[in-house]
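Here the structure is laid out as structure tokens; the discussion comes afterwards.
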Amino acid sequence: MNRFFTFCKVVYIPWCKTEILVGSIEYMVLIVNRLSAQYHTSKGSVYAVDDVDFDLADGESIGIAGESACGKSTLGLSIIRMLLGGKTNGEILFDGNSILNISESEFAEKFRWKKISMIFQGAMNSLDPVFTIKEQFVEILKQHNFHGDLDETIVNAIHSVSLDNVVLKKYPHELSGGMKQRVVIAMALLLRPKFVIADEPTTALDVLTQAQIVNLLKKLKKDGMSFMLITHDLAVLSEIADKIGIMYGGHMIEFGSSHEIYQNPKHPYTQGLLESIPKLKGMPPKYIKGIPPSLLESPTRCRFIERCPLAIEKCKTVPPKFKTKTGYVRCWLYDDL
């Protein structure tokens, strides 16, 4: 699929309820409409992702930020259809194909790891301690019925993350944390997918190793790969992401371009996140008072109402998505938009 449309057509974007004429804009490789994901527990259903919308153009990167247990990882697992013990609803269009309505066997055969792959959180947990790195690479290729040159493909993947061939003969415990993380990234790139989901790839790494991983992600972006970066580190997102989605309590409460989110944040929660970042000069960092909401009940009001310093009467009902310049915000303070 070419990066740009070569003809004009009308595309309906559900979350902003409008039709647009495309022809000179970038091709949308991923469109997520009203995506919801629930876990079923002994205490009831956990609404981990609720009514999430966003889109991503070919070659773009999106950053997903928010506090722990807000639904970031569940969102990624829902897209790659690896949500164990959960149920997913909504629509996901990838490369023009609806990937939620097809069978698991068809998705595994045509999409998983070939077109969509994932870098899982916690590199050591993703590697089998009793097999060498090469054996694990070979297993992935055979599992996905790869018929090309195994050795050449594996070596190219290792070199793409700046690792030496000697790594292939080693076991996971013989590698440093940064090397294991790069091995996991190489595994995600084995079949040259079009879209990669990276779930906190820099967590628990030292500063120098984090910089190496960030530079690697920048290189992948420069090479034209689309990816989703899930992280708590807003500073990292500012360097990599073209678009940013802020999640809170299972909702994507604000979505837009990186520039708009950082320069003109609208949702009080987004503003609180940015104010919590330490700065060399100016006001000291602030924290958001209170605790996150329970996700055991479907929301009947804004989930941030208990912690919001700007809450109004309307906040006792769930806010819809109000369109902004480059995306949307879920907050009653902007109903005049």
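List of remarks:
- The residues in the range 264-289 that are in contact with a Gly (Cβ under 9 Å, 6 or more places away or on another chain) and in a helix (DSSP H, G or I) can be counted, and the count is 2.
- Qualifying positions in the range 258-277 - farther than 21 Å from CYS308 by Cα and surrounded by fewer than 18 Cβ atoms within 10 Å (Cβ to Cβ): HIS259
- Strands (runs of 3 or more DSSP E) enclosed by the range 24-94 - at least 3 residues per element that are crowded, with 21+ Cβ neighbours inside 10 Å and at pLDDT 95 or above: 28-41, 44-57, 61-65
- In the range 176-190, residue farthest from the chain's Cα centre (by Cα) [restricted to those that are assigned to a helix (DSSP H, G or I) and not small (Gly, Ala, Ser)]: MET179
- Among the criteria (1) charged (D, E, K, R); (2) modelled with pLDDT under 95; (3) surrounded by fewer than 19 Cβ atoms within 10 Å (Cβ to Cβ), the one LYS180 does not fulfil is (3).
- Of all residues in the range 116-133, those satisfying the criterion of being surrounded by 12 or more Cβ atoms within 10 Å (Cβ to Cβ), assigned to a loop (DSSP other than H, G, I, E, B) and at pLDDT below 95 are PHE120, GLN121, GLY122, LEU127, ASP128.
- Subset tally (residues that are surrounded by fewer than 16 Cβ atoms within 10 Å (Cβ to Cβ) and either at pLDDT 95 or above or closer than 18 Å to LYS72 by Cβ (or both)) for the range 278-299: 2
- Positions within the range 209-263 being assigned to a loop (DSSP other than H, G, I, E, B) and among the basic types (Lys, Arg), in sequence order: none
- Across the range 197-225, the qualifying residues are those that are in contact with a Phe, Trp or Tyr (Cβ under 8 Å, 6 or more places away or on another chain) and surrounded by 22 or more Cβ atoms within 10 Å (Cβ to Cβ), and the one among them that is modelled with the lowest pLDDT is LEU217.
- Residues in the range 55-106 that are more than 13 Å from the chain's Cα centre (by Cα) and of a type in the set (D, E, K, R): ASP58, GLU67, ARG81, LYS87, GLU91, ASP95, GLU104, GLU106.
- Restricting the range 145-166 to residues that are exposed (fewer than 14 other Cβ atoms within 10 Å of the Cβ) and not polar (S, T, N, Q) leaves a set whose member that is farthest from MET179 (Cα to Cα) is HIS147.
- Some residue of the range 268-291 being of a type outside the set (Gly, Ala, Ser), under 30 Å from HIS40 (Cβ atoms), free of Cβ contacts under 8 Å to residues at least 24 places away in the same chain and out of contact with any Asp or Glu (no Cβ under 9 Å at 6 or more places or on another chain): no
- Annotation: ASN101 fulfils all but one of (1) crowded, with 20+ Cβ neighbours inside 10 Å; (2) closer than 25 Å to LEU35 by Cα; (3) without any contact (Cβ under 8 Å) to a residue 40 or more places away in the chain; the unmet one is (1).
- Checked against the criteria, PRO265 does not count as free of Cβ contacts under 8 Å to residues at least 60 places away in the same chain and either over 26 Å from ILE31 (Cα atoms) or over 24 Å from the mean Cα position of the chain (by Cα) (or both).
- Of the set (1) surrounded by fewer than 18 Cβ atoms within 10 Å (Cβ to Cβ); (2) among the basic types (Lys, Arg); (3) part of a helix (DSSP H, G or I); (4) in contact with a helix residue (DSSP H, G or I) (Cβ under 7 Å, 6 or more places away or on another chain), all apply to LYS142 but (4).
The values are calculated or read from the model by the stated rules, or taken from the named source; none is laboratory data. None of the values given here were measured: they were computed from a predicted structure. Cβ coordinates were reconstructed from backbone atoms using ideal geometry, including for glycine residues, and neighbour counts include every protein chain displayed.
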